[in-house]
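Comments concern the structure below.
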Amino acid sequence: MTNHIVAGLNESQRRAVEAIDGPVLALAGPGSGKTRVLTHRIANLVGNHDVVPERILAVTFTNKAAREMRTRMRDLLGAGVADRIDIGTFHSLAARWLRRDGTKIGLPNSWLIYDDDDQQRLIRRITKELKLPEKPFTPRNVLAVISNAKNELIDVATYTASARSPEVRMYALCYARYEELLQIAGAVDFDDLLLRTIDLFRTDALAFYHSRYRYILVDEYQDTNRAQYEMVKALAKGAGNIFVVGDDDQSIYGWRGADVRNIRRFDADFPGAQVIILAENYRSSQMILDVAQALIDASPRRVFRKELTAQTSGGDAVTWREYSDQNDEAQRVCDAIEHIVVSGSGRFSDCAIMYRTNAQSRAFEEALARRRIPYVLVGGMRFYERREIKDMLAWLRLMADPHDDVSLMRALEFPSSGVGAASQDHVNSWVAANHCSWYTGLTQCMNDPQAIPMLKGAPRQRLVQFTTRLQRLLNQTNLVSLLDVFDAILIETLFSAALNEEYGETDGESRMENVTELRRVAGEYLLLPMNEQLPRFLEEIALVSDVDRLNTSDNHVVCITMHQAKGLEYDNVFLVGLEDDLLPHIRTHQDPSQVEEERRILYVGITRARKRLALSRANRRLNRGQYVNTISSRFLKDIPSKLLSNTAMGSRVGARTMATPNPTYQGWGTAAAFQANKAVTPPPPIVLEVGDVVRHQRFGEGVVLAAKVVDDDLEVVVKFADEAAGEKRLIASFARLERIVPNH
């Protein structure tokens, strides 16, 4: 036996690693080393039990998790062995299997994946065809209905048969037309990747996958939806060696179909299953874990209880603060972050601001920007969602499949073909009546002037010119490399010049730099066979997520929702906006099961913190132009007050608060000291009153507009004469203000 594989594991981890055959459920509390268990289990199978690497399948939920697992496997087994193991997300593995065997269930050889933007464009086209009102038939609402149906494995016929109300019947018509247009385009959406794989597993192809995969490992099993659950069950019917790891306390994706019951009924689905609890926590301090434990123990719906015990020492008390409004909350969080950096307690990248909804980020973005604190917003515009990138990808996708209507209609728009809305409506009516693709319609229009009678003269000529350009590109890019395809599009469409014309020279050049970066990414696929380069490139881009692109090496504060933060960890976490109607969200109040999922969301947020955790709320919040009083989240009553401190993060008991603004940005100290994260001792504060005229060595003269004692220090608001400085909130002891005219 290779002892280094199991060396250093605790008792429960070792049991999970060495439970070789049959079904095993590892209930892994946050920070309990589940990735370590998964990778060491695989290493144990290969190194100590002579399992052929190709017979192992490991399924994750994010590309980031898959990459981390692959890296650890290389350290344990060497790259040559580790790279022979199939590791990937549900969707990426499904795409791979469908590339191999999709023709068995009627998929074309070169199918495409439609992302959220593509799907919304398709739905807008459908609702326009069906003349449906904008409400409730928004693209998001219609897509949510379709996605929920697919997640529950409900096909068009079944959904249509069950439709009782007129509204549901309209959704059924949308669903049916959506599926028809996907089929015409040779495209699938994300849900289809799973559904089509289940269809594949109902054919004789399943025998191949049973013989291929003798040991199956699934991460984050509590987040599986119905389709993923059925995929796992189908694969596990082979050798029966199924190992899943997860935590029902961290099931937070019910809104997208995840079913916490999947993990809770594992032992019923797989009789004789071993259940192993991993509760030793290697991430957070015990003070943080005590808060998390109190919160989750209060849930009335738990099945498996885990007593979290910290394996690390130290850490600060968890703090709870209430602020006047969301702007005050944002400023105070910035104060604390600046102190952490100035005092040498950490870098910006050690800090994360977490909230329930993306809309809450605005106040923090503005405060961070004003203070010149570097930050990244996870959930902001992704690189692949930029307009110029989507435009270029539309042309690339047409090279893979000219019958892709969504991409063709986008290519009509950029570079501008001059084809107006009326002409598009004529073509759309014709292709809908003939149940064919736009490309088929345009080809007919080009070859026969009478094919679409309503199209004639200049409008028809513009469509013919566009179709001629597209066909010329299709002929040029047949059996050439991906970069040759890319460059042919740039040249044929005059893409760079079109960007300058559309956006102006400066912005156009900036956008072209993004297109050049996309070309660089495309260059990474040149080692593949030429016929695989373009499909693989398009497929993998479609499967990239926000968190996958998060660069943890950059020194910036991370602003992120608690949902998106799952799987991440930071030394310093600020959980903000802990108010009823935000957490739990107002939409969940009437459903006890949804309220409990909101509790689990907070639990996930708390357990992202390693050393310091700050909880806060705003006493009032701006809502639709008016301030509304708030109340604390109902979950806070489940956390004993003795576990929370009312001292700001970074403070010392009995001392002036350390949650003060960064002195460099308040005009004293040096940038070098700040960059080196050196602590600076502030001078004693002076006494100031409203109306005092003061001088600041950086901002000049100003008038004190407000003054109050905060945590044994004086906070003042000063309006400076220099318009560039404007109005600033300062801590007197740090700002070194000089009073020059007393107020009489």
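Numbers for the structure displayed
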read-out	value
Accessible surface of segment 1-98, 1.4 Å probe, proportion on carbon and sulfur as whole %	47
Extension gain from VAL521 to LEU153, taking 0.36 nm per residue of separation minus the Cα-Cα distance	128.9 nm
Of LYS306/LYS611; LYS611/LYS708; LYS611/LYS728, those spanning more than 23 Å from alpha-carbon to alpha-carbon	LYS611/LYS708; LYS611/LYS728
Estimated dipole of segment 285-402 in Debye, rounded to 20 [Cβ of Lys and Arg +1, of Asp and Glu -1, Cα centre]	380
Structure-derived P(r) over Cα pairs in 20 Å bins from 0, in percent: which label, when the choices are [x] 15, 36, 28, 14, 6, 1, 0; [y] 16, 50, 31, 3, 0; [z] 14, 41, 34, 10, 0	[z]
Charge dipole magnitude, Cβ of K and R +1, D and E -1 - segment 403-514, Cα centre, debye nearest 20	600
Sequence-separation-based contact order of segment 579-641, relative, with Cα cut under 8 Å and 6+ spacing, percent	40
Relative packing of 23-36, 226-239, which averages over residues the other C-beta atoms within 10 Å, highest first	23-36, 226-239
Distance between modelled label sites at SER211 and ARG261, nm, 7 Å Cα→Cβ extension	3.7
Charge tally in the Cβ shell below 15 Å around LYS131, where Lys, Arg are +1 and Asp, Glu are -1, LYS131 excluded	+2
Computed E for ALA432/VAL690 - FRET, C-beta separation, R0 60 angstrom, nearest 0.05	0.30
Label point at LYS708 placed 7 Å out along Cα→Cβ; residues across segment 323-349 whose backbone nitrogen lies under 12 Å	323-325, 328-329
Ranked by how many other beta carbons lie within 10 Å on average, peptides 137-145, 604-612, 268-276 from highest	604-612, 137-145, 268-276
Positive-end residue of ALA732, MET446, LEU206, charge dipole of the chain with Cβ unit charges	LEU206
Stokes-Einstein translational diffusion, segment 69-184 - Kirkwood Rh over all Cα pairs, 0.692 mPa s, 37 °C, in µm²/s	195
Equivalent ellipsoid dimensions for segment 293-434 as semi-axes, Å, which come from the Cα gyration tensor, largest first	49, 24, 16
If the convex hull is drawn through the Cα atoms of segment 469-623, its volume per residue in Å³	220
Label-point separation, ASN48 to LEU474 (7 Å along Cα→Cβ), nm	5.8
On Cα atoms only, tilt of 116-129 relative to the major axis of the chain in degrees	60
Listed residue pairs exceeding 24 Å between alpha carbons, taken from LYS135/LYS566; LYS566/LYS642; LYS104/LYS233; LYS34/LYS64; LYS104/LYS128	LYS135/LYS566; LYS566/LYS642; LYS104/LYS128
Compactness index (Cα Rg / 2.2 N^0.38 Å), segment 286-328	1.57
Cα-based convex hull, segment 415-559, per residue volume (Å³, whole number)	175
Average accessible area per residue (Å²) across the chain - probe 1.4 Å, nucleic acids and ligands excluded	43
Separation of the ASP448 and ARG124 label points, Cα + 7 Å toward Cβ, nm	3.2
Cβ-based charge dipole, the chain, positive-most Cα from LEU494, TRP97, VAL427	TRP97
Computed over segment 158-220, the ratio Rg/Rh where both radii use C-alpha atoms and Rh is Kirkwood	1.15
Cα-based Kirkwood hydrodynamic radius, segment 254-377, one decimal, Å	18.2
Two-site FRET efficiency, ALA144 against VAL717, from Cβ-Cβ distance with R₀ of 45 Å, rounded to 0.05	0.50
For TRP395, net neighbour charge (Lys/Arg +1, Asp/Glu -1) across residues whose Cβ lies under 11 Å away	+1
0 to 90° range, to nearest 10: angle between helix 530-542 axis and the chain longest Cα axis	40
Lys, Arg +1 and Asp, Glu -1 on Cβ, resulting dipole of segment 110-185 about Cα centre, debye, nearest 20	360
Ranked packing of 215-222, 160-167, most packed first, by mean Cβ within 10 Å	215-222, 160-167
Segment 156-209 - percent of accessible surface contributed by carbon and sulfur, probe 1.4 Å	59
Charge dipole (the chain, unit charges on Cβ, about Cα centre) - positive-most of ILE586, LEU182, MET409	ILE586
Fully extended contour minus Cα-Cα distance, from SER324 to ASP297, at 0.36 nm per residue	6.6 nm
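The values are calculated or read from the model by the stated rules, or taken from the named source; none is laboratory data. Note that the coordinates shown come from a computational prediction; the quantities given were computed from them, not determined experimentally. As a convention, Cβ positions derive from the backbone with ideal geometry for all residues, glycine included, and neighbour counts pool all protein chains shown. Just so you know, the surface numbers come from the protein's heavy atoms only, side chains and all, with ligands and any DNA or RNA stripped out. Shrake-Rupley method; radii C 1.70, N 1.55, O 1.52, S 1.80 Å.
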